[in-house]
1. List pairs: first in the stretch 118-141 and touching a residue at least 24 places away in the same chain (Cβ under 8 Å) and over 21 Å from Ala32 (Cα atoms), second β-branched (Val, Ile, Thr) and in a loop (DSSP other than H, G, I, E, B), Cβ under 7 Å, 6+ apart or cross-chain?
2. Can you tell me which residue in the stretch 1-19 is farthest from Val110 (Cα to Cα), limited to those that are under 14 Å from the mean Cα position of the chain (by Cα) and buried (at least 16 other Cβ atoms within 10 Å of the Cβ)?
3. Could you list all residues from the stretch 49-63 that are in contact with a Leu (Cβ under 8 Å, 6 or more places away or on another chain) and in a strand (DSSP E or B)?
4. Condition check: buried (at least 17 other Cβ atoms within 10 Å of the Cβ) and either modelled with pLDDT of 95 or more or in contact with a Ser or Thr (Cβ under 7 Å, 6 or more places away or on another chain) (or both). Does Ile98 satisfy that?
5. Being under 18 Å from Lys117 (Cα atoms) and of a type outside the set (D, E, K, R) is the filter; apply it to the stretch 47-59 and report the residue that is surrounded by the fewest Cβ atoms within 10 Å (Cβ to Cβ).
Amino acid sequence: MAITQAMCTSFKKELLTGTHNFTTGQDTIKLALYTSSASLDASTTAYSTSNEVSGTGYSAGGNTLTNVTPTTGGTTAFTDFDDTSFTSSSITARGALIYNSSQSDKAICVLDFGSDKTSSNGTFSIVFPNAAASTAIIRIA
């Protein structure tokens with residue numbers, strides 16, 4: 001089993017069919033955390049509870065993300081999210097899945113943390129990169 005960081009292939013196709021709406025107040029985008037036993041990569045098509053993190057301070061399905069309004073920079077379109085945290089948590093996660101809960105839990109992208117990350121009765125934070133054409137978490141060049 002492995003977690004490989006990638007924009008999900010199904011998401012790329014769904015962009016062309018107008019499935020996802022990242023405009024603030026439209027679709028609900030969420031982030032779920034996964035253990036090192038999870039198998040997530042570009043072929044992931046939807047959120048699943050299989051090998052999802054469990055523990056104090058974490059609820060199945062993860063957190064709802066606050067979207068940064070999609071924009072462009074040069075020839076790149078991008079969107080990003082505000083940082084998110086799981087407070088007073090005791091969990092261990094190897095990666096995450098960003099998915100659209102408004103659209104049948106369709107997968108958007110997989111995040112690989114590179115190693116297990118742990119919180120012990122503390123705050124587990126996901127810090128997204130700056131919202132810019134070369135750094136935003138979701139970029140279309």
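1. Listed pairs, sorted by first residue: Ala141/Thr75.
2. To start, the set of residues in the stretch 1-19 that are under 14 Å from the mean Cα position of the chain (by Cα) comprises 3-8, 11.
Adding the requirement that they be buried (at least 16 other Cβ atoms within 10 Å of the Cβ) leaves 3, 6-8, 11.
Details: Ile3: 8, Ala6: 5, Met7: 6, Cys8: 7, Phe11: 11 Å.
Of everything passing the filter in the stretch 1-19, Phe11 is farthest from Val110 (Cα to Cα).
3. Filtering the stretch 49-63 down to residues in contact with a Leu (Cβ under 8 Å, 6 or more places away or on another chain) leaves 52-53, 58, 62-63.
Scanning the stretch 49-63 gives Glu52, Tyr58, Asn63.
4. Considered against the rule, which asks whether it is buried (at least 17 other Cβ atoms within 10 Å of the Cβ) and either modelled with pLDDT of 95 or more or in contact with a Ser or Thr (Cβ under 7 Å, 6 or more places away or on another chain) (or both), Ile98 comes out as yes.
5. Just the residues of the stretch 47-59 that are under 18 Å from Lys117 (Cα atoms), to begin with: 51-59.
Those left that are additionally of a type outside the set (D, E, K, R): 51, 53-59.
Numbers: Asn51: 17, Val53: 23, Ser54: 12, Gly55: 16, Thr56: 12, Gly57: 17, Tyr58: 20, Ser59: 10.
Out of the qualifying residues, it is Ser59.
The values are calculated or read from the model by the stated rules, or taken from the named source; none is laboratory data. These numbers were taken from a predicted model, which means no experiment stands behind them. Here the Cβ is made from the backbone with ideal geometry for all residues, glycine too, and neighbour counts use every protein chain on show.
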